[in-house]
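The values are calculated or read from the model by the stated rules, or taken from the named source; none is laboratory data. Quantities reported herein were computed from a predicted structural model and do not represent experimental measurements. So basically every Cβ, Gly included, is an ideal-geometry build from the backbone, and we count neighbours across all protein chains shown.
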Amino acid sequence: MSKKLEIIVLAIVLIFAIQFIYMSSTTDAEYMGADGQAEDAIKEATGGTYEPVAEPLWEPPSSEIESLLFGLQAAIGAGVLGYFLGYYRAKKRYENDLARKGINKSEGDSQSL
Amino acid sequence: MHIMEGFLDTPWWQLWFAVSIPVILYGIYKMNRLVSEKREILPLLAVAGAFIFVLSALKLPSVSGSCSHPTGTGIAAIMFGPAISAVLGTIVLLYQALFLAHGGLTTLGANVFSMGIAGPLAAYIVYKAGMKARINFYFVVFLATAIGDWVTYGVTSTQLALAYPQGGILTFEGFLAQLKVFGAIFGLTQLPLAIMEGAVSALLFKYVVNVKSDILVEMKVIEAAVVRKLRGSSA
């Protein structure tokens, strides 16, 4: 199977990674969340008077806990993704094997004990 | 990056709920019907949902010196259409609102609209148009999912600009001026992430086509002739 698409995707990810390494070492960008910036823009637009109409019911007590829960989210997703792609892959292989055996059945029978 | 809890005032958060809830309900209805008709699509539904889980958990650094995350909803939109994507998107947004204080419950309606409805709708339209124009399948998937990602954040910017126009009252000029502010924050940050999302989505589609193309043909996502061509060239 040709790996053309994999190579293109890898190249895109590499360009992105190199850009990040270069940018983060040459500028003092903070890499904060874009939603935090939006929050600041809202405060600016409303003259600093804006009070959120609601607070989160629960907030991760620290950034460690937050990254734990983000990591958990990605892990759950990756697990499900791998399980079902593997399931389909194996299923297809067995089906192909069975089909091949079906075609060569007479031959197979004559060779079996 | 979704709209934060409490950062949409009355009447905006109610309005976006009013728009999103009917679509979610229709999506649930459509999903139930699809699953009861074809049980064998369940794993594919899980794959599409899991992809959203993975991608929206990855906060990536961008050229603008800030971080944002892709959405992952384009795959679901191409396979199942925008309504079912809205249901899958809602599950992820609920998880993030409840456990991560990322997004929020009052802003859930607005966030479902941008990430679950508008983005997937854009991806779906681009996909259908691209397939009709007989452009290379993986390139169409790339375009559709990347544009879907970008539209999501364009809609987020629009929602915020509508709620917080410059000058405090909603005029067209005030809206446009503020759209530029939010567009600069989200639009630029999201551009490289959208390209990555498109690339990874195309790759996932390659694997799905490899192992389970019959179901995609049956669901009329992709034509049998296109599958044969992809298998032949096996890109």
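Does B:ALA77 satisfy the condition of being within 11 Å of the chain's Cα centre (by Cα) and buried (at least 23 other Cβ atoms within 10 Å of the Cβ)?
Working: within 11 Å of the chain's Cα centre (by Cα): yes; buried (at least 23 other Cβ atoms within 10 Å of the Cβ): yes.
Judged against the criteria, B:ALA77 is a match.
Return yes or no: is B:SER56 of a type in the set (Gly, Ala, Ser) and not in a helix (DSSP H, G or I)? No; evaluated as a whole, the condition is false for this residue. Taking the stretch B:191-231, which residues are facing chain A (nearest Cβ under 8 Å) and hydroxyl-bearing (Ser, Thr, Tyr)? Hit for the stretch B:191-231 is B:TYR207, nothing else.
Among residues of the stretch B:91-113 that are at negative phi, those with a Cβ under 6 angstrom from a residue that is of a type in the set (S, T, N, Q) and part of a helix (DSSP H, G or I), sequence gap 6+ or separate chain, pair up as B:VAL92/B:SER56; B:LEU93/B:ASN111; B:HIS102/B:GLN96; B:GLY109/B:SER20; B:ALA110/B:GLN159; B:VAL112/B:SER20; B:VAL112/B:THR90; B:PHE113/B:SER20.
Among the candidates B:LEU188, B:LEU203, B:LEU230, B:LEU193, the residue that is surrounded by fewer than 20 Cβ atoms within 10 Å (Cβ to Cβ) and touching a Ser or Thr at 6+ places or on another chain (Cβ under 7 Å) is uniquely B:LEU188.
Considered as a group, the residues in the stretch B:17-68 that are over 19 Å from B:GLY109 (Cβ atoms), aliphatic (A, V, I, L, M) and exposed (fewer than 15 other Cβ atoms within 10 Å of the Cβ) include one that is nearest to the other protein chains (Cβ to nearest Cβ), and that residue is B:LEU42. Scanning the stretch A:44-67 for residues that are of a type outside the set (Ser, Thr, Tyr) and outside any loop (DSSP other than H, G, I, E, B), we see that the one that is nearest to B:ILE169 (Cα to Cα) is A:ALA45.
Go through the residues of the stretch B:180-188 one by one and say whether even a single one is at negative phi, under 18 Å from the mean Cα position of the chain (by Cα) and modelled with pLDDT of 95 or more. For the stretch B:180-188, residues at negative phi, under 18 Å from the mean Cα position of the chain (by Cα) and modelled with pLDDT of 95 or more: absent. Only a single criterion out of (1) at the interface with chain B (Cβ under 7 Å from one of its Cβ atoms); (2) over 30 Å from B:LEU98 (Cα atoms); (3) over 17 Å from the mean Cα position of the chain (by Cα) is not satisfied by A:THR46, namely (2). Checked against the criterion of being part of a loop (DSSP other than H, G, I, E, B) and of a type in the set (Ser, Thr, Tyr), the candidates B:THR145, B:THR90, B:THR106 yield just one match: B:THR106. Scanning the stretch B:1-16 for residues that are within 17 Å of the chain's Cα centre (by Cα) and in a helix (DSSP H, G or I) yields a single hit, B:TRP16. Restricting the first member to the stretch B:63-90 and to residues that are over 10 Å from B:LEU121 (Cα atoms), and the second to residues that are in a strand (DSSP E or B) and of a type outside the set (Ser, Thr, Tyr), the beta-carbon pairs closer than 6 Å and six or more apart or on different chains are B:SER66/A:MET32; B:CYS67/A:GLY33; B:CYS67/B:PRO61.
Scanning the stretch A:1-38 for residues that are surrounded by 15 or more Cβ atoms within 10 Å (Cβ to Cβ) and part of a strand (DSSP E or B) turns up just one, A:GLY33. Could you go through the stretch B:116-123 and let me know if any residue there is aliphatic (A, V, I, L, M), closer than 20 Å to B:VAL200 by Cβ, buried (at least 20 other Cβ atoms within 10 Å of the Cβ) and within 13 Å of chain A (Cβ to nearest Cβ). Within the stretch B:116-123, not a single residue is aliphatic (A, V, I, L, M), closer than 20 Å to B:VAL200 by Cβ, buried (at least 20 other Cβ atoms within 10 Å of the Cβ) and within 13 Å of chain A (Cβ to nearest Cβ).
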